[in-house]
Every structure is written in C-alpha cells, then in structure tokens.
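Written below as structure tokens is the structure these notes are about.
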Amino acid sequence: MPSHDVLIIGAGLAGQRAALEAAQAGASVAILSKVHPVRSHSVAAAGGINAAVKVTDSWESHAYDTVKGSDFLGDQDAIEVMCREAPGEVLHLEHIGVTFHRDETGQMDARAFGGASAKRTFYVADITGQAILHVLYEQLTKYSDQIDKYEEWFSTSLILNEDGSCGGCIARDIRTGQMEVFNAKSTILANGGAGQIFKPTTNALICTADGMAQAYDIGAELMDMEMIQYHPTCLVSNGFLITEGARGEGAHLINGNGERFMSKYAPNKLELASRDVVSRAEQTEINEGRGAGPNKDGIYLDITVVPKKRVHEALREIVNIGKDFSGVDITKEPILIRPGQHYIMGGVRTNVDGQVPNVPGLYAAGEVACVSVHGGNRLGANSLLDTLIFGKRSGAHAAARASDIPMPQAPTSRLEVDRKKLEKIISRERTGRRISEIKDELGTTMNKNCAVYRTEENLQEQLEIVRRLKEEAKTAAIDDKGTIFNQDVLGALELEYMMKTAETIVLGAIERKESRGAQSRADFPDRDDEKFLKHFTFTESDSGPVLGEAPITFTKWEPEVRSY
Amino acid sequence: MPEFTLRIRRYNPETGAAPYWDRYTVDLEPHRSVLEGILQVKDRFDSSIGVRCSCRAAICGSCGMTINGKAGLACHTHLSEAMSRSKDGTIEIQPLGNMPVIKDLIVDMDAVHWKKVNRVTPWLLSGDLPEREHIVPRESMVDVTQPMACIQCGSCVGDCLAMEVDPDFIGPAALAKAYRFVGDPRDVQHEQRLKDLADDPHGLYTCTHCFKCIEACPKGVAPMNQIMRLRRIAGQDHHIEDVNNGERHEEAFVVLLQKYGLLSEADVVPRSYGGNGLTGGKLSPKSGEQVFQSLPFLAKAVLRGKVKISQTLFPHKLDSESLAEVKKIYKDVKGREERLELNLYITGYDEDGDPTTSEAIPDNPNEKAGATA
Ligand SMILES: Cc1cc2nc3c(=O)[nH]c(=O)nc-3n(C[C@H](O)[C@H](O)[C@H](O)COP(=O)(O)OP(=O)(O)OC[C@H]3O[C@@H](n4cnc5c(N)ncnc54)[C@H](O)[C@@H]3O)c2cc1C
Ligand code: SF4
Ligand code: SF4
Ligand code: FES
C-alpha cells in the first residue's frame, strides 16, 4: 500500500504546484493523475496569468478588480492573499524556467485582459498554461527522489478515517486495472473542473467533476455551484475557445448589422469588460435578432484590426485553431463566435490554506475548489493564478500538518467496496442507454436551461432532467469487459460524478433568485444585496443535497453598482 | 453527411489474440477531425476502443497515432486530409511506431518517449537568481518558445527513421527539449549539456536528417532544425568535436563557396576531414585516409562527370563579378553582431516592415533549417 505524507490527486497546475511546495518542505509526496500530468487541462490555458508585478501596478488594484469582477460575491480575505502573493509567484515561475514574453528592455511584458484596470497579464505567446505546466513538470522530475508520480491512475473515491478525517484515496491503475489504497496524512484534491457537464464546452474530455463529487461524498460542502462562466468567444462551429488575449490585443466584436455593439453595454471597457458582461451582451444581441452568420446565432470576432506581426507572435495558437477547426484565416477575416461554457467558479469549499472546513486532512486547490476568489465571475487570467497560489499554500499547509501527526491507519474496507462496484459495472448487462447518449443529453440540456440566461421554469425542467439521467446513469451500458486500459468503466464513474455535481449546479441556480455575476435570472434581472449577499452551499445526505449558507468575507470593499 | 470508412488496428493483450483490423463507417463533415471520427465510433458502436484523448484541440498531446502511414495528432488531422493519403479509400489508423503497444491505439510513452526526454536533464539549470526576473533579450524568449511549444505527443518519435535503426537514439523530441535549454540564456550549463549529447553514441549525431520529424510535428517545433542548431552551437561556440564531422563538412561548404563561388566537389571531402587550413586540408593524414575510403564514391562522381580530376588541383570558379557578389554576401553576414537564429515565432509579414521578422509563417513545415544567417 503506497503511503505518503502528502497525497495529491490531480496533476494540473494546482496539483503540480502543491507537489513542488510539499516536496520542498521536506514531505514525501505522491501525485496521482488519470492522464499523464502534461495532458492535464491546464495545458489549454492560453491567455496568461495576472499579477501586479510592474512597479507601476499594485496588488490592491488587482484585488479591487477581482472583487468587482466577482460581483462582490468573492471572499475578500482570500482575494487579498491571492493578489498579494501573485507577483512573487510569477517571478518564481520565471526563475524556474517559464519563458515569459519580454518587452524591448528585456523585462517581462504584460497584455491587457478583461475587467482589469492595468496591463497585468503575463504570457508566453498564447501557450501560457502549457509553458507553465511543462516547466512545473520539469521540476517534479528534478525532485523525483521525493515525489512519486502515479501517472494514469484514476482515483475512485476518498477514504474517510474513523475519526472523520481524510486518509487518502482508492485508485485504479488504468494500465493494469489493479486497485490500491493510497494512504496519506494529508490529501489534496486538485482534480480540476466540471465542464463536461455542458455541451459544448471549452473544457477537455477529462473535466468531469470527479473531485467535487468525491469530496461531496465524504461530507465536504460544495459552494457557489450556480456560478458557471460562459466565455464570450467560443467558436460557433465546435465550441473551441478563442483566448481573451485576442480582445486584449485589440480585437473587436461585431453583430450581424455590422455594429460594434459593446459600446451599448460597457461604454468604458467595451470588449474588455468582464466576461459575464460581454457574454450577456452577445447573447442579448443574438436573442434580439442581431446575430451574425448563416443562422444568426453568432457574433463576429474581428482580429484583423490587430497587426499581423503581433498576431503571429502572440496569438499563433488561435491562428491555428481558426485555420484547423473553422477553416478561417483570422488575420484576414472575422470569425464567428458566441458565448460557451468555460469555467466553474464554484467547487469544494476551502479556506485560504486550502483546508476543507469539515473534513480534517483534506485540502482542495484549483478549479475543483472554491476559496472563493472568483465569486460570481472569474476574471480572465485569474484562474492560473488561483491554481498556483492556493496549490502552493495547500502544499505547504498539508506538509506542515503531516510533520505533526502519525500515519493514520486508513480503513481498507473502501477498497473492497470500490473494487466490487467496478466489477459490477463491468459485468452489467447491456440493456441501459449508452454512456455517450446520456452524457450528450445532460450536456445539451444544461446548455439550454442553465446557461447565460436562466428562468425558474427552465431550471425546474432541468432539475427533472438531471434527476432522471442520474437514475439512467446507474444502468448505462458499457462495452469493455477487460481490465487493461478499460476507459469505458471509468467513463461510467465519471458520468455519476457529473450527475451529482450537475444537480447542485441547478439547485444553486434555482435558489439564487437574483442576477449576480454569471447567474443571470431573466425573471429576477437585478442584483439583490438584501437577500443574496451570501454563498450557497450543498452537502450530501441520504435524502439528497442539503442547502446551506456561508457568509461572504468583506475587508476593504463595500458592494457598489458594477459598471464597465 | 459524407461518409468515411475508418480501419482501426485493434490489439488487446488480455485476449491473447493477434492484432486485427476493425472497420467502421462514420458520417461527419470532411473538415472534422479523425479523432471525432474515432469518438463517433466509440459513442455509437464500440466504446472499448482504447485511445488517449482529452483536449480535442491539439494542445494536450494525447492523441498521437499513425494515420494512413503518417504520424500525427488525430484531433489535428482532418478526415479529408487523411483521405487524400489513402490508398484504398479508407482511413487506416494505427498506434505510433517505435513504441510498444499497450492496447489498441495506446502506446507505452514512458518506456520510450519520456525515458529519452529524461536523458537531457530536462529542467533549467540557472545560476544565481536575480531579485526580479532575468533580463534577457526579447528574441531569445520568443526563440525558445518554439521548442517550448512541444506538447510531447511523440509523433516525431513514432516516425523517426534513425530510431528505427537505433532504438537507443535519443530522438527528435528529446533533442528539441535540449535546445529549449541550450537556447535559453538563463541556463548556465550549455556547454556541459552539449558535451553530454555529443558524447552519447546515440545522441546528437545519430540523426540522419530525414525530415520525418518536421513533417510529423503538429506544433511546428521542427525538431530536426533544433538538432541542426544544437550541432552548430556545439561546433562553433564550444568547439565540440562532431564525430560525424558534419560541422567541418558544413564549414568546408562555406569556405569553398566563399573562395570560388561554386562548390568544388573534389575539395569537400578532404576539407571536411582535414580542415580548411593549409597544413590540414588536402595534405593532412586524416584527410588522406578519408579520401582513400571515399575512393569508390569519388570514382562514381568522376564517372558521372560531377568531379573532374583536373578540378582537384584547379577548382572551377565563378567569374570575378559574380564572385564579388558572393563575397559581399559573406561580408554582410559575418559583419552582423550576432548570429540570427530565426524560428517560427519570430515571424511576420513583409508588410509590417520589420527586418528581423520578415519571414512569412510557413505553412510548409520544411521551414528553413534553423537558418544561420
Ligand atoms: C481553453 C481554456 C483556456 C484557458 N485559459 C486560461 C487563461 O489564459 N488564464 C487563466 O488564468 N485560466 C485559463 N483557463 C482556466 C484554467 O486553465 C483552469 O481553470 C485551470 O488550469 C485548472 O487547473 P487545475 O490544476 O485546477 O486542474 P486541471 O489542469 O484540469 O487538472 C486536473 C487534474 O486532475 C486529474 N484528475 C481529475 N480527476 C481525476 C481522478 N478521478 N483521478 C485522478 N486524477 C484525476 C487530471 O488528470 C488532471 O491532472 C482556461 C481554460 C480553458 C478550458
Ligand atoms: S530528422 Fe533526424 S531526428 Fe528527425 S526523424 Fe529524421 S532521423 Fe529522426
Ligand atoms: S516535437 Fe512535435 S511531434 Fe515531437 S513530441 Fe513535440 S510536439 Fe510532438
Ligand atoms: S486530444 Fe489533445 S492533442 Fe489531440
């Protein structure tokens, strides 16, 4: 049985950063991921990472922008921590090898991003996430004496010790089908997001809410789940993302009548208002018949106004995406985009050290977690920062905790439970619907009923759909009866995780009868600070999700009218 | 909706059965990817097909495989493009080459690809850290961003011809990774890195310049170009001996062209082995040995009229006006302060009028070989 001071589940930016920090603090570390670490979804992050590094900038300004971006739902103590530590973290990344773009003086260059009052997004062309992820992986390799990597291992559930603390996880070696108990003093969840609940989504196929559902299963709270970010620029053809960097470099949004409509919605920041604002503006244009394209269901993103040299140097990846996936040369003609599901602000509730309040020994960081620094709406390029800062802090805290306590004797009974469960799925009769069908129905209906604009009626309809699909998922048919690389059985587990999580998303959206950040209720169009200046949480019970509340932490900034 | 037939190579070690081909028909637009085709097969007909994939957007590096004889990413290959290479009207899909197969389209990357990457000490070896960021030239960071763009998909490894012959060859991806550090001014171990690669009998000099890795690479990393640059830096900046003599061979070309304006074929071999100096060159013992060994080859060249015996003594030459032009080019280039290493990211369009960036972004992956100007 592998046994470590610190076990990290997930090897995206949050997980790898946590591993590095814990190893440097002297802990023995295991990092486990269902795909090779560099395949983690963080690799897709294009635009950059925010930090007030420049001497002309200040962390307070960054923090205020983040608070405002969150529509005053973010916890300000956590936002302060993140923004204060941001410059140090970005410089640390530079020191370990990230090839940040330079200006003519040889210093790191920053680009403009939405909702920010200064240019503070540092970048590597438009492969920032990839560059950071690969450099962190280099560091894990460097520290391989202390860090055991379990690549292509799938965590199936978390272990709850008898005293109510977390003792590690059960995982399956995808290559061999062998199942193991991973025993640990501290366990950090870094499983990333839940985008596959929606279709289309910018998220990778592996973003299936595993961490949220597994934490929820052992008593953790899921918080701010209704806050789903729709990114303003996703390809109409297949939902792929065009980075906000494009607008940061000056690209325009044009409706079907050829108007640059953002002046109506955000007269000062125009295309660079926060994402919820831009997505709503686009959706309104489309809903009111001013959409572009053959079906009038898109908006033109015009990058031709950006100098070509700059496009090739700083936005090369989207030149390729335009060419390969939409057949458009973005340097020559506008490209059809529309809002698409991109990020989940909610997740496993934690404090600023990543600790999950009601499960000792369990931590969460990155997209799986909700600290909450993003509140109702995440600013572009704040997510990479979130993963790194809270990954680091979780790693440090988890290592410190581990140095103080003996190795818990995790009960191994869970191993048998999971093993049987998988065997049962594998030997299921092929009578149910196909996994792909159920997943498709979940995604398309979520995208219809729980998207940019929501209403009571749509949400209630969606709740019924999710609850029906949740039942159907229990009998979903699978084809693979083998043990080696049986991806099918893991797909069945992922489907269950997504159903559980989707239910809390819809319930949260029903509960919040106001419009704040990404939650826009057509039937409650205004923000209601009287009633809803608070977080909603959900915990699991035998009779279904139990609604709870958590206060928002305010430090410096009182809620005010939000305009861009 | 147009239909495409996929032939997928299946293999599951558990069954004890030999590999076999499965055939499926999918209906998708031609500009959809081969991966979407495979996923449609999985969704509709058989979800037991083993395939790694995640991002669907050519960034996670999971879906490297061999499609109608060429390695690449399934999510980055249009169905129509795959069809254009088809011999029998189907799209033939199999795992990457040069790596053991685990199941169906899944290969053991750890056993081959990652092991090789680990041979290049794959992390930055920096000196004393500055308080803030390292101050480095803008171009240098843009430059190493090209190898940085490698997503470790293994496509180049799968198609590398030198690796087929020498499985221990460190290979294109690892060498591109090496350039990522050797090209980075923040790394302080360039010379040691290059020496290690040069001393490795399956290292820097095993590549045979077959171009396969450039063709396979979906990210424009152009590994072979990085290999050439490593060799050039090793030879020119660190005087590391090239066991294959490639560097002196190149130098011979350069010197001969400068001197005569034309390549004097008869002179290339002696100079390549003996050097370009007076006492070296044709008269050095080492070159004599090589000329002797090359005799059968030289004889053929003489027979084909490529080399005239008289030329060994009196090499052919350009007329003086043209020769002056050639010499001027040499002077211009050598007069530059720094050697310019151009790559994909330092590109742009002439109309932008920036002299350092006048290279159009190449659609053609055979972008100039690392172009030393
Ligand atoms: C296209 C795109 C572009 C983006 N661009 C930006 C940007 O420019 N700036 C920015 O700040 N943010 C950006 N984001 C958001 C940001 O990339 C993500 O929020 C962030 O990378 C999430 O990182 P993470 O470490 O939390 O999770 P991930 O990187 O998603 O990693 C999750 C890890 O968990 C593992 N895992 C999951 N479940 C299991 C399981 N059951 N067992 C074992 N392992 C498991 C996975 O294998 C993976 O290693 C972008 C997102 C997308 C989709
Ligand atoms: S050019 Fe060299 S490294 Fe590239 S595939 Fe050919 S032999 Fe291999
Ligand atoms: S160099 Fe190109 S082909 Fe080779 S592993 Fe990297 S991205 Fe893939
Ligand atoms: S699926 Fe990510 S590279 Fe193809």
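The values are calculated or read from the model by the stated rules, or taken from the named source; none is laboratory data. Keep in mind it's a predicted model, so treat the numbers as computed, not measured. Heads up, the Cβs are rebuilt from the backbone with ideal geometry, glycines too, and the neighbour counts pull from every protein chain shown. The accessibility values were calculated without ligands, DNA or RNA, using every heavy atom of the protein model including side chains. Shrake-Rupley method; radii C 1.70, N 1.55, O 1.52, S 1.80 Å.
Miscellaneous remarks
- Heavy-atom surface of chain A, accessible at 1.4 Å and reported per residue (Å²): 31 Å²
- Rounded to whole Hz, the Karplus (6.51, -1.76, 1.60) HN-Hα couplings of the range B:257-263, x for glycine and proline: 5, 5, 6, 10, x, 10, 7
- Cα-centre dipole for chain A with unit charges at Cβ (Lys and Arg positive, Asp and Glu negative), debye to 20: 920 debye
- Mean projected area in nm² (Cα convex hull; one quarter of hull surface) for the range B:144-200: 4.2 nm²
- With the alpha-carbon atoms of chain A aligned to their principal axes, the span from lowest to highest coordinate is 63, 55, 49 Å, starting with the largest.
- In terms of the mean number of neighbouring beta-carbon atoms within 10 Å, the peptides B:39-46, A:162-169 order highest first as A:162-169, B:39-46.
- Cut-off 9 Å between beta-carbons: net charge of the residues surrounding residue A:17, Lys and Arg +1, Asp and Glu -1: -1
- For the peptides B:154-161, A:302-309, residues were scored by their other Cβ atoms within 10 Å and the scores averaged per peptide; the highest-first order is B:154-161, A:302-309.
- Ordering B:68, B:47, B:26 by the projection of their Cα atoms onto the charge dipole of the range B:3-107, which places +1 on the Cβ of Lys and Arg and -1 on the Cβ of Asp and Glu, puts B:68 at the extreme positive end.
- Legend: mean number of C-beta atoms from other chains within 10 angstrom of residue C-beta atoms, peptide B:146-154, equals 4.
- Shape analysis of the range B:3-107 yields a ratio of the Cα radius of gyration to the Kirkwood radius, Rg/Rh, of 0.93.
- For the chain pair A and B, the buried solvent-accessible surface (1.4 Å probe, both sides summed) amounts to about 6100 Å².
- D_trans [Stokes-Einstein, Kirkwood Rh over alpha-carbon pairs] for the range A:413-534, 20 °C, 1.002 mPa s, µm² s⁻¹: 133 µm²/s
- Computed over the range A:379-436, Cα set: Rg, Dmax in Å: 20.3, 52
- Mean separation of Cα pairs under 8 Å and 6 or more residues apart, divided by the residue count, gives the range A:231-340 a relative contact order of 37 percent.
- With Cα atoms, 0 to 90° folded angle of helix A:487-511 axis to chain A main axis: 60 degrees
- Within the range B:3-107: Cβ-based charge dipole about Cα centre, in debye rounded to nearest 20 (Lys, Arg +1; Asp, Glu -1): 260 debye
- The mean number of Cβ atoms from other chains found within 10 Å of a Cβ in peptide B:187-197 is 0, as a whole number.
- Rel. contact order, % - alpha carbon contacts under 8 angstrom, at least six apart, chain A: 22 percent
- Scaling the Cα radius of gyration of the range B:67-179 by the globular reference 2.2 N^0.38 Å produces a ratio of 1.35.
- Across peptide B:113-122, the mean count of Cβ atoms from other chains lying within 10 Å of each residue's own Cβ comes to 2.
- For the range B:3-107, the relative contact order comes to 33 percent (Cα pairs under 8 Å, sequence separation of at least 6).
- Taken one residue at a time, the phi angles of the range A:131-147 give Karplus couplings (6.51, -1.76, 1.60, θ = phi - 60°) of 4, 5, 4, 5, 5, 5, 5, 4, 5, 4, 5, 4, 9, 5, 5, 9, 10 Hz. Gly and Pro are set to x.
- Look at the dipole of the protein assembly as shown built from charges on Cβ: of A:37, B:111, A:363, the Cα furthest out on the positive end belongs to B:111.
- Segments A:289-299, B:140-150, B:91-101, A:257-267 sorted - mean Cβ within 10 Å per residue, highest first: B:140-150, B:91-101, A:289-299, A:257-267
- Count, lysine Cα pairs under 27 Å in the range A:231-340, 8 or more residues apart or across chains: 13
- Net charge dipole size for the range A:231-340 [Lys, Arg +1 and Asp, Glu -1 on Cβ; Debye, nearest 20]: 180 debye
- Which of A:144, A:42 is most accessible, then next, and so on - probe 1.4 Å: A:144, A:42
- Principal-axis analysis of the Cα atoms of chain A puts helix A:383-404 at an angle of about 30° to the longest axis.
- Gap separating the Cα centres of the range A:89-117 and the range A:214-235, nearest whole Å: 29 Å
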